[in-house]
Amino acid sequence: MNSSDNFTDDYYYDDHPFYEPCSSSDNGVNVVVGPYIHSIICILGLVGNSLVILTYALYKRTKSMTDVYLLNVAIADLLFVLALPFIVYNELYSWPMGQVACKLLRGSYSVNLYSGMLMLACISTDRYIAIVQARRSFRLRSVSHSRIICALIWMFALLVSVPTFHFYHWYEPSHNNIVWFNGTEEEETTDPQYVCEWKFDDSNTASIVKVGVPSTQLAIGFFLPLLIMIFCYTAVIITLQKARNVQRQKAVRVVMVVVLVFIACHLPYNLALLYDTVSYYEHRDCHAESSLRKAMSVLQTVAYLHCCLNPLLYAFIGVNFRSHFRRIFQNLCCVGKGYIAPRRLSRVTSDIYMSTIRRSVDGSSRTSTSFLT
């Protein structure tokens, strides 16, 4: 444990009282990953999830449980990528935006993490009911039920994120004013460098929270959705294999891609987080600690990629969704032509045209199948 006044884990001390603390300066991995790779993730995630939300808002609507879950996944991922640049900036530089913004940023990150992962589990459950339990699917699968489930998930995600909201603070670490010279501490006068990090009043609380929060994230934010997805999609694949149909075989491949991408993105980081949590009370020297932090930084970035892939895996892979997506650009072109030639296409005519398109699209989608089949 750290012996600083704020009981954070930014510095690690060796057993010898005259050893200097481990340096927490930004390594090369964070410098490269932070500004560049995370920027690409933010852009792709922002575009992909915004298009999903826009398509549902204008054309497809939410006519099934899968649609409701998918829309909520896109909202959670969009909020996540909007918060990601601020999180990266806070990890690389001083936090300039104060206490309220600090708590909202870290808390919203936690809420979106839990809600997004649990929504993916709900999608797999919905596919299981629709395909494996087809006889009971009409009674169990309703839009009203899915909206209630989504509301409960968001409230549950907010509840388990309370420790994050409470224990993240905006403060100036005490070690910012300490420099080490020949094994002794000396005060250094510099400009205040505030951070948005964990802060505790005592070491017991710090130990409980620093182990409890990652454990909850592992259990609820990864292993629970993973087990649900494996169970549901395994049953779906077995059921689809019994149907000698080309479309069904294609659906099997889609299911396998969904599961494998989820595992490839999230399993490495969560295994590293599990190791870090289990070995929290064990002493690690500075070299081992630095190597673990570098590995977790890279693996966390891989996990972040999943928010960019969700629109491709769950939305754009479906033929019906792609047709709605194309309608966006077609209607945007029509509206653009209306502004260029206002005499040939009045505003009223344009509105009538747009509403007609929406009715035709809505009508054709009532008999559409789910995105996995």
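The numbers here are math on the coordinates, done by the rules we state, and not lab data. Treat the numbers as computed from the prediction; the structure is a model and nothing was measured. Note that each Cβ is placed from the backbone with ideal geometry, even for glycine, and that neighbours are counted across all protein chains shown.
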For C196, other-chain or 5+-apart residues with amide H closer than 5 Å (H placed, Pro excluded) are W95
Note, segment 268-281: 3J(HN,Hα) by Karplus (6.51, -1.76, 1.60, θ = phi - 60°), whole Hz, Gly/Pro = x, goes x, 5, 5, 5, 5, 5, 5, 4, 5, 6, 5, 9, 4, 8
Scalar couplings 3J(HN,Hα) for segment 148-165 by Karplus 6.51 cos²θ - 1.76 cosθ + 1.60 (θ = phi - 60°), nearest whole Hz, x for Gly and Pro, are 5, 4, 4, 4, 5, 5, 4, 5, 5, 4, 5, 5, 6, 8, 4, x, 5, 4
The answer for trypsin sites (Lys or Arg not before Pro) in segment 201-257 that fall in a DSSP coil and have at most 15 neighbouring Cβ atoms within 10 Å is K242, R244
Measuring from its Cα centre, segment 28-314 shows a charge dipole (+1 at each Lys and Arg Cβ, -1 at each Asp and Glu Cβ) which, in debye to the nearest 20, is 2780 debye
Computed on Cα atoms, the radius of gyration and Dmax of segment 28-314 in angstrom are 21.5, 76
Taking the dipole of segment 28-314 about the Cα centre (Lys, Arg +1; Asp, Glu -1; charges at Cβ), the one of Y109, C122, H266 that reaches farthest to the positive side is C122
For T205 and F231, extending 7 Å from Cα along the Cα-Cβ vector and measuring point to point gives, in nm, a value of 3.7 nm
Compactness check, segment 63-153: C-alpha Rg relative to the 2.2 N^0.38 Å globular estimate gives 1.40
As a Kirkwood estimate from alpha-carbon pairs, segment 225-297 has a hydrodynamic radius in angstrom of 14.9 Å
